[in-house]
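Below is one structure, written out as structure tokens; the observations come after it.
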Amino acid sequence: MKKRIVVLGGGPCGLSAAWELCKQSEFDVTVIEKDSKPGGLCVTNERNGYRFDLGGHRFISKNQELVDDVCAMMGDQLLTSVRKSVILMGGKQYEYPLSAKNILSNMSLSTNFMAFAHYMIKLCSNKLGGSPDDSFEDWVVNRFGKTLYDIFFGPYTEKLWGVTPKEISSDWASQRISLLNLSDVVFRLLGLKGGTPRTYAQKYFYPKKGIGQMFDMMSDVILSNNGSVLYNAAVKRINTEGKDVKSVSFDVDGKLETIDCDYVISTIPLTDLIRSYNNDESAALKKHTDSLKFRGVRFMNIMVDRPDISQNTWMYVSEKKYLMTRIQEPKRRSSFSAPEGKTSVMLEIPCDVDDNVWKAADKDVFNQCVGALDGLGVKIRDNVIDYFSTYVTHGYPVYSLDYDFHRKRLIDYAHGFNNIVTCGRQGTFRYIFMDIAMEMGINSARRLINSQTMEKDERDKICDWRSEKQLVEVKSVTA
Ligand SMILES: Cc1cc2nc3c(=O)[nH]c(=O)nc-3n(C[C@H](O)[C@H](O)[C@H](O)COP(=O)(O)OP(=O)(O)OC[C@H]3O[C@@H](n4cnc5c(N)ncnc54)[C@H](O)[C@@H]3O)c2cc1C
């Protein structure tokens, strides 16, 4: 009898688990995906010859084996691209990550003075014990001072999460900010320190036809190795007996179907997974499930009748008056993202599901966006061919100050059953990149291949894979 493995969710994590398991003949693998295509957040939508990701993605990893496997799978469909990012603010362009040279030359003398003075005050108070890095704001102010926090870090973070950075955990800062502190920035300016800041990745991999191509190809491999991927199938219930999961029920076209399983690899949102247990114990965890929120994102995708707009991969927009946090030109990742001689722009607009921005008519959001682009010096108004919005409900797990307490409680419950592991970005409620989600899926699969089952502590370790407070950016492309 083959072991029946059911994978919940067909994003990078779930598909990577199935990809690995399907290399072995002793498993009967079924992926249950609620969307109509593979990839999860790494889907690419195509319209009239234009391709838009859900927020421009790139593939980087410090795991050479994973990089090699992806390269082998994709062959000549994988491009190597170079990243160039800027921050647009107050009519000026700043390099990203921030450089001292840029700050000095772009900001007024008085702002430079204030930035330096605030930093020195913070440095002295840090020497005397200082304040702990509890929130995102604490973390940044402790390292850069209040002036730079107020100008660069605070407004962007507030726009992204929709709450004050005082309520965001410092965990997010330590993994996302590529600069160590203001002294580091200044030493670089004075030439007393070389190299790019920390391990900032400039080169990255990107498929010719958008990031979704990687997962289209991965699902083809799964199918050709006798695995199954069910689309438009939404997980509704985890059916248990004692401490074992016996089967999973899912909705297809309004009909509830059930699949038996020996093991479950879940990558659906942790909160939804717990609710799917649908018993008294899981209902008692309501205070924890209700405490973990996801931030949604609306993308305004604009097709433009012009060959190019800029050389930037990402343009960060921190000012509150503009809806978007980032502007991207998909052609910078792959020239196949737009028909010949044309280009496109994609704006990332963080919002909450069903708030005013989420629900606003396309035309209204488009008009606001084009007005904002005008204000930022990106003039495309006269060249727009068409536009449309795409949405994600689970864009970012919101790192509130106590998120880790709640997520651990929920993971503990899920892993209290013997034959289920929860992993991936939504499944662990962690702000991780696709490579780490893929590693989690592959690690889960390998454990099953090696020993057919997993102890609880092994499963807990998969949830915390690469959770060190280190920058998530890595240099992965040497080509
Ligand atoms: C704007 C943005 C930009 C990003 N840029 C990058 C980047 O440049 N590089 C990078 O490496 N990463 C990037 N990421 C992160 C990357 O998208 C994620 O790390 C990756 O998609 C996580 O994979 P996953 O499989 O864990 O989760 P997901 O991709 O979220 O997949 C989960 C899957 O589960 C399915 N699902 C959910 N509920 C159910 C249910 N009830 N039943 C069945 N199926 C269900 C979903 O439809 C989805 O397909 C970005 C993310 C965002 C939001």
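The values are calculated or read from the model by the stated rules, or taken from the named source; none is laboratory data. Source: prediction; values computed, not measured. Here Cβ is always computed from backbone atoms with ideal geometry, including for glycine, and neighbour counts include all displayed protein chains. Protein only, heavy atoms only, side chains kept; ligands, DNA and RNA dropped before computing areas. Shrake-Rupley method; radii C 1.70, N 1.55, O 1.52, S 1.80 Å.
As a fraction of the 1.4 Å probe accessible area of region 202-304, surface on carbon and sulfur atoms comes out at 44 percent.
Bridges between two residues of the chain, per DSSP, are antiparallel at a rate of about 75%. Using Cα pairs under 8 angstrom and six or more residues apart, how large is the relative contact order of region 283-381, in percent? So the answer I get is 30 percent.
Using a Förster distance of 45 angstrom, determine the FRET efficiency expected from the C-beta separation of ASP134 and ASN356, and round it to 0.05.
Details: r = 31 Å, r/R0 = 0.69.
Taking R0 as 45 Å, the efficiency between ASP134 and ASN356 is 0.90.
Report the FRET efficiency, 1/(1 + (r/R0)^6), for CYS124 and LEU256, where r is their Cβ-Cβ distance and R0 is 41 Å, rounded to 0.05. Efficiency computed from Cβ-Cβ geometry: 0.05. Charges were assigned to the Cβ only: +1 to each Lys and Arg, -1 to each Asp and Glu. The resulting dipole of region 242-329 about its Cα centre is roughly 600 debye. Relative to the dominant Cα principal axis of the chain, helix 362-375 is inclined by about 30°. Close amide H contacts of SER310 (hydrogens built in the peptide plane, cut-off under 5 Å, sequence separation of 5 or more or a different chain): none are found. All Cα-Cα separations within the chain were binned at 10 Å from zero, giving a P(r) of 4, 19, 29, 26, 16, 6, 1, 0, each value a whole percent of the pairs.
With the cut-off at under 20 Å, measuring from each backbone N in region 26-41 to a point 7 Å along the Cα-to-Cβ line of ALA72 picks out 26-27. Once you keep just the Cα pairs under 8 angstrom separated by 6 or more residues, what percentage relative contact order results for the chain? The value is 25 percent. Candidates MET440, LEU79, ASN102 compared by Cα position along the dipole of the chain: farthest toward the positive end lies ASN102, with charges placed on Cβ. For the cross-link pairs LYS159/LYS286; LYS92/LYS208; LYS62/LYS461; LYS287/LYS408, the ones whose C-alpha atoms lie over 23 Å apart are LYS159/LYS286; LYS92/LYS208.
Quick one: if the Förster radius is 45 Å, what FRET efficiency do ASN225 and ASP308 give, using the C-beta to C-beta distance and rounding to 0.05? Intermediate results must be reported in sequence, preceding the final value.
Values: r = 41 Å, r/R0 = 0.92.
In this case the efficiency is close to 0.65.
Computed from backbone phi with θ = phi - 60° and the Karplus coefficients 6.51, -1.76 and 1.60, the 3J(HN,Hα) list for region 225-236 is 9, 6, x, 10, 10, 9, 9, 6, 10, 9, 4, 10 Hz; x is used for glycine and proline.
Please compute the length gained on full extension between VAL384 and LEU104, using 0.36 nm multiplied by the number of residues separating them and subtracting their Cα-Cα distance.
On the way: separation 280, 0.36 × 280 = 100.80 nm, distance 3.64 nm.
Gain in length upon complete extension: 97.2 nm.
Evaluate the charge dipole of the chain about its Cα centre and quote only its size in Debye, nearest 20, assuming +1 on the Cβ of each Lys and Arg and -1 on the Cβ of each Asp and Glu. Walk me through the numbers on the way to the answer.
Working: 63 positive and 60 negative charges, 262 e Å.
Its charge dipole is roughly 1260 debye.
Less than 5 angstrom separates the built amide H of VAL43 from those of LEU54, all sequence-distant by 5 or more or on a different chain.
Phi angles of region 76-88 translate, via the Karplus equation with coefficients 6.51, -1.76, 1.60 and θ = phi - 60°, into HN-Hα couplings of 6, 7, 9, 9, 10, 10, 10, 8, 9, 10, 9, 10, 9 Hz per residue; Gly and Pro are given as x. Toward the positive end of the charge dipole of the chain, with +1 on the Cβ of Lys and Arg and -1 on the Cβ of Asp and Glu, the farthest Cα among GLY254, MET1, VAL297 is that of VAL297.
Each residue of region 343-352 was assigned a 3J(HN,Hα) from its phi angle through the Karplus curve 6.51 cos²θ - 1.76 cosθ + 1.60 (θ = phi - 60°); the sequence is 9, 7, 10, 10, 10, 9, 10, x, 6, 9 Hz, with glycine and proline shown as x. Here's the picture: charge each Lys and Arg Cβ at +1 and each Asp and Glu Cβ at -1 in the chain, and of GLN24, SER125, ILE420 the one pushed furthest to the positive end of that dipole is SER125.
For region 298-317, backbone nitrogen atoms closer than 15 Å to the point 7 Å from ASN45 Cα along Cα-to-C-beta are found at 298-303. Solvent-accessible surface (1.4 Å probe) assigned to HIS288 amounts to roughly 10 Å².
Residues whose amide H lies under 5 Å from that of ASN419, counting only those 5 or more places away or on a different chain, are VAL245; hydrogens are built 1.01 Å from N in the peptide plane.
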